Structures are given as C-alpha cells and as structure tokens.
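Remarks on the structure that follows.
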Amino acid sequence: MTLNPHWLSGFVDGEGCFWVGIVNVTGTPTVRNPEGLITKQVQVRFTINQHVSSIKVLYAIKRYFKCGRVTANKGKRAMETSPVYDYRVNNKDHLMENIIPFFEKYSLQTAKRQDFLFFRKFVTRLSEEQHMTTSPETGRAIWNSTVVEGWEKEINAFKAKRKWSIEKTNIETPDEARTKVLSSDVCSIPEEKG
C-alpha cells in the first residue's frame, strides 16, 4: 500500500490524536525514598487507531514514517468484542525528526491543527530539555518540578479551552441532537445522537 502524503494528512485530521499529558511516575524505593520517587512527567504521543479490519493502513503508516509501533488499543477481554489497534509514536526524537516535519509540510485543515501546534510546542520543549535541571546533591540531570507544574497548568488550560470550544460549536438539529464531550483530553471526541 502506497500512501499519498495529502491523503495521510487528511486521514490524521479525522483519525489521529496529538496527545500531551502529565503522568505520575513512581520510582523504585530506596533508603532515601522508602516509598519510591514520585514525580510528575510530561509525556507526548501521536496516535491513530483503527478497527482490526483496517490494520493494514496502520502498518502502511508505520512504514511511511519509519518509526512507531502498532499495538492493541485495549486489554485482552475488550479486544474480543472490539478489536482496535493503535499506531503510536512517543519517542521524542522520532516525533521531532519524522512526525512534526511531516505535519508542518502537509498542514492539517481542521481544529486538530491547534492540537498539533500545542503538541509540537511540548515535543520541542522536551527535545530541548527545558524541563531538566541539575540536582544539587548528585549533579545529575533531573526533572525540574517547578517547570513541570507550570506546564501542567498550561496543559490543563488548553484541554479546558478545547472542551469549551467543542461544546460551544454544538448545534441543535431538528431532532434536538447534540454532541457530547466524552473527555477533556486533547483527543476529545464528540458523540453524535439521533
């Protein structure tokens, strides 16, 4: 399967997700930290998911970008009833070298472009290690919690704004159908009724 880059950009406009989030990471317990190191980290991920019947397109996209992986989207039990697979890229070098330049050249045309621009900002920050500082005790590079807390506020504000923007564009149809935001994630999906 040969992919046209314009088609791929349009496909991602409809099916892709540029995810930025904060996750809590627990480390291995040590003498100094008996509960283990707990920190917040910024993570980024580009994802496209498809039903198993269209899995070939995910592998074609993986070949096109020359990075990422195709994995099951859900646990084993859920896959029995709804087999959905993801194409995922979360390696910041692959995102910077393969994914971001592609979408800079082949622009997204929907509101997903705003998600991409926000995503690109965080991938760039992570690549430039703007979130790192030097530990005064060990001299090693560590996550700067003050920077990450500021980024967390920025991420939450963006997600809230995107949710508001999706809710604001809801239109009543003749049969009173409305869209409903299922998640405040950057990947918010409106649900159609009626």
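The values are calculated or read from the model by the stated rules, or taken from the named source; none is laboratory data. Only a predicted model underlies this, so the values are computations on that prediction, with no experimental measurement involved. Please note: Cβ atoms are built from the backbone with ideal geometry, for glycine as well, and neighbour counts cover all protein chains shown. Protein only, heavy atoms only, side chains kept; ligands, DNA and RNA dropped before computing areas. Shrake-Rupley method; radii C 1.70, N 1.55, O 1.52, S 1.80 Å.
With the simple model of a label 7 Å out from the Cα in the direction of the Cβ, Trp7 to Gln43 spans 3.3 nm. Annotation for the range 90-129: trypsin sites (Lys or Arg not before Pro) lying in DSSP loop with at most 14 further Cβ atoms inside 10 Å of their Cβ do not exist.
Spin-label model, Glu137/Asn24: points 7 Å from Cα along the beta carbon direction are separated by 2.1 nm.
A crude spin-label estimate for the pair Lys153 and Lys56, with each label 7 Å from Cα along the Cβ direction, gives 5.1 nm. Annotation: per residue accessible area for the range 1-151 equals 58 Å², rounded to a whole number [probe 1.4 Å, protein chains only]. Among the listed pairs Lys56/Lys92; Lys40/Lys92; Lys40/Lys112; Lys56/Lys105; Lys74/Lys112, a Cα-Cα separation exceeding 19 Å is found for Lys56/Lys92; Lys40/Lys112; Lys56/Lys105; Lys74/Lys112.
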